[in-house]
Amino acid sequence: MDATKTAVVVFASIMGAVTIGSLSGCDLGDVIKVKTPSGIARTEGIARNLTLNEAQHEYELVHAAKMANLEEWRGRIDRGAELQGMLSQLALDGLNTLGPSVAGVPVVGPALVGALPIASFFFGQGRLRKQKEASYNAGLTEGGQQAVRAVAEATKPPTVITT
């Protein structure tokens, strides 16, 4: 009976302390700690350990910034696709107009029909190749850095806590 009475008194004391704390403006969200994922902490410059209230606020800021950037990017992609469609349509209209007049020349008409699709493979390929190469080299550099960090972490001596 004595242990039960002690447990009830301890529980009532804890609940009383929490109630008084909440009435006086203490927020448990300022007490609870949340760990920020390392990738987000690194890229966004956020502290590794935050209170629950801080973490919720930082999450909303990061989420809003990412969504705004994605919307802007989507708009740019759509505008580029519209421009591509317009230029493609102009080129096709020009070929349709030019086709009958060039078709009368014995060699140029058939050569033009065969050469234009082949030539389209070569326009813009240099820039695309450079972008792919830059992306590949950046990936190699990042992968090498991650491997070095992993090896350094694995070979780090264990921390010994003595009292």
Within the stretch 2-34, of all residues that are under 48 Å from the mean Cα position of the chain (by Cα) and of a type in the set (S, T, N, Q), the one surrounded by the fewest Cβ atoms within 10 Å (Cβ to Cβ) is 24
Of the residues 44, 58, only one is surrounded by 12 or more Cβ atoms within 10 Å (Cβ to Cβ) and closer than 25 Å to residue 146 by Cα; which?
44
Would you confirm whether or not the stretch 85-103 contains a residue that is modelled with pLDDT of 80 or more, surrounded by 10 or more Cβ atoms within 10 Å (Cβ to Cβ) and within 30 Å of residue 40 (Cα to Cα)?
no
List the residue pairs whose Cβ atoms are under 8 Å apart, where the first residue sits in the stretch 15-35 and is within 22 Å of residue 56 (Cα to Cα) and charged (D, E, K, R), the second is surrounded by 12 or more Cβ atoms within 10 Å (Cβ to Cβ) and modelled with pLDDT under 80, and the two are 6 or more positions apart or on different chains.
none
Among the residues of the stretch 10-46 satisfying the criterion of being part of a helix (DSSP H, G or I) and acidic (Asp, Glu), which is modelled with the highest pLDDT?
44
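The values are calculated or read from the model by the stated rules, or taken from the named source; none is laboratory data. In this text, all values refer to a predicted model and were calculated from it rather than measured experimentally. Note that we place each Cβ from the backbone using ideal geometry, even for glycine, and neighbour counts take in every protein chain shown.
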